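Data first, discussion second: the structure below is written as structure tokens.
The values are calculated or read from the model by the stated rules, or taken from the named source; none is laboratory data. Note that the structure is predicted; figures quoted are calculated from it, not measured. Neighbour counts are summed over all protein chains in view; Cβ atoms, including those assigned to glycine, are modelled from backbone coordinates with ideal geometry. The area values use the complete protein model at the heavy-atom level, side chains included, leaving out ligands, DNA and RNA. Shrake-Rupley method; radii C 1.70, N 1.55, O 1.52, S 1.80 Å.
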Amino acid sequence: MRNLTILGATGSIGKNTLTVVDQFPDQFCVKSLTARNNITLLAEQIQQFSPELAVVYSESDAVALKKLLMPGNRTEIMFGEDGYRSAAVHPDVDTVVSAIVGAAGLLPTLSAIAAGKHIALANKETLVMAGDIVMQRAKEKNVSILPVDSEHSAIFQCLSGNRKKDLQKILLTASGGPFRNLPVDQFESITPEKALAHPTWEMGDKISIDSATLMNKGLEVIEAKHLFDVSHQKIEVVIHPQSIIHSMVAYIDGSVMAQLGTPDMRGAISYALSCPERLPLNLPVPDFAGIGALTFEPPDMKKFPCLALAFSACEAGGTLPCVLNAANEVAVDAFLNKRIGFIQIPDVINHTMKKHHTITAPEIDDILLADQWARQTAAQWIVLSEDKGSV
Ligand code: NAD
Ligand code: MG
């Protein structure tokens, strides 16, 4: 039996994780659940899974959540950063599913590592911001960081049973997002509604926009560098619109291992929670004859500059990936709120990265300061552009 904390329980990954838990009640027990403010869904999850602890962001939501629970419910309700930390270090828990979106996932994940919890990592931003520190601390505490991101789960599976020194390169697949075939001169017309409609995966808003700009793939390049300890030069992005191949690993003899499956996050989530055992999820095997063809193409980094920006941040290292991530979060939020257009997203990030003085080998405080600085710098750029009427 594995005892779990799910950070970000009400999100796309959180809900999928609870579906897996529900399917295998003799394998998993939920000890704590956290969310930001979706208290109606969190209340339902509490009734169904009876965790010992549930956490929301604000005190007022904690009060409102208590009122939604049945009389006599014994789940302790906490709020704010202390609450998230308590969930991350819960004494009965052995594995923490890190599925908060964005930079907010970093500190609870570090707390969980410090407390010796194994991590099922969906929150790629944790590794983008502070990959060196996170991997080092995990090593010191002898905890495993198992990927929930489907590409990294695929790479992890393709690496197992092989020697690291035989690796030639990682082939990170990408669906290409909803605008793969849209001519760049029509990018002005992209609305948040259009960008949120991902062709193959059902995901939260932020990662859906990241998939449309290809920033998601850029963040995944940085995530792969840290998770598998490889140089960015050994990571190649390949567009594969069907999302059946979840990623591949090429070896020095030219042999390529791939992991394939129906696009459904329960596969990667359950493998992160149970490997090397595989759970009988009953997901359909892809109907290859029905699909007919699996296709591949190179990414167009001129059309999708976010991917190039992520590669350059990955190469520079230090605080620059953290700055890339923070500026991206601010830009995506501004796009979702219709303050900037789709094509301004890379402009905001590029401007912020250019202004940053990168600190090499940063401590965690340097990372947190760089994150704050980048948010302010990106936000100022957006206000200035609005004033100029250029967006
Ligand atoms: P989501 O927006 O659907 O859910 C995010 C969860 O985090 C929610 O429970 C929300 O309440 C909580 N949250 C948001 N902001 C918070 C804050 N400031 N403090 C505390 N909690 C907060 O996101 P998602 O699609 O489930 O993605 C979660 C993470 O997993 C992201 O890092 C994403 O990149 C990664 N990921 C997602 C998928 C996917 O298929 N959705 C695939 C691979 C990786
Ligand atoms: Mg992914």
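Some observations on this one:
- Contact map, segment 305-329: first residue free of Cβ contacts under 8 Å to residues at least 40 places away in the same chain, second residue in a helix (DSSP H, G or I), Cβ cut-off under 7 Å, separation 6 or more or different chains; pairs are 320/313; 320/353.
Each row is one residue, and each column tells you yes or no for (1) of a type in the set (Phe, Trp, Tyr); (2) farther than 19 Å from residue 275 by Cβ; (3) not in a loop (DSSP other than H, G, I, E, B).
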{"residue": "67", "(1), (2), (3)": "no, yes, yes"}
{"residue": "86", "(1), (2), (3)": "no, yes, yes"}
{"residue": "92", "(1), (2), (3)": "no, yes, no"}
{"residue": "105", "(1), (2), (3)": "no, yes, yes"}
{"residue": "112", "(1), (2), (3)": "no, no, yes"}
{"residue": "131", "(1), (2), (3)": "no, yes, yes"}
{"residue": "134", "(1), (2), (3)": "no, yes, yes"}
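- Selection status of residue 9, crowded, with 24+ Cβ neighbours inside 10 Å and either within 27 Å of residue 283 (Cα to Cα) or touching a residue at least 24 places away in the same chain (Cβ under 8 Å) (or both): yes
- Within segment 134-175, tally of residues that are closer than 16 Å to residue 124 by Cβ, of a type in the set (Gly, Ala, Ser) and away from ligand 2 (no atom under 11 Å from the Cβ): 1
- Residue count, segment 31-52 (criterion: assigned to a strand (DSSP E or B) and open to solvent by 10 Å² or more (accessible area, probe 1.4 Å)): 1
- Matching residues, segment 183-208, being assigned to a loop (DSSP other than H, G, I, E, B) and modelled with pLDDT under 95: 197, 198, 199, 200, 201, 202, 203, 204
- All conditions in (1) open to solvent by 10 Å² or more (accessible area, probe 1.4 Å); (2) under 18 Å from the mean Cα position of the chain (by Cα) hold for residue 102, with the sole exception of (1).
- Given (1) in contact (Cβ under 8 Å) with a residue 12 or more places away in the chain; (2) surrounded by fewer than 19 Cβ atoms within 10 Å (Cβ to Cβ); (3) on the phi < 0 side of the Ramachandran plot; (4) out of contact with any strand residue (DSSP E or B) (no Cβ under 8 Å at 6 or more places or on another chain), number of the condition residue 226 does not satisfy: (2)
- Check on residue 68, open to solvent by less than 40 Å² (accessible area, probe 1.4 Å) and either closer than 25 Å to residue 267 by Cα or not polar (S, T, N, Q) (or both): no
- Residue ranges of helices (runs of 4 or more DSSP H) in segment 293-391 with at least 3 members more than 30 Å from residue 171 (Cβ to Cβ) and of a type outside the set (Ser, Thr, Tyr): 320-336, 344-355, 364-388
- Residue within segment 281-289 that is open to solvent by less than 30 Å² (accessible area, probe 1.4 Å) and either touching a residue at least 24 places away in the same chain (Cβ under 8 Å) or away from ligand 1 (no atom under 16 Å from the Cβ) (or both) present: yes
- Residues in segment 299-317 that are more than 26 Å from residue 359 (Cα to Cα) and open to solvent by 50 Å² or more (accessible area, probe 1.4 Å) were compared, and the one that is farthest from the chain's Cα centre (by Cα) is 302.
- Selection from segment 249-289 of residues that are assigned to a strand (DSSP E or B) and either outside the structural domain of residue 157 (by TED's automatic domain parsing) or touching a His at 6+ places or on another chain (Cβ under 9 Å) (or both): 258, 259, 260
- Among the residues of segment 141-157, those that are more than 14 Å from ligand 1 (Cβ to nearest atom) and part of a loop (DSSP other than H, G, I, E, B) comprise 142, 143, 144.
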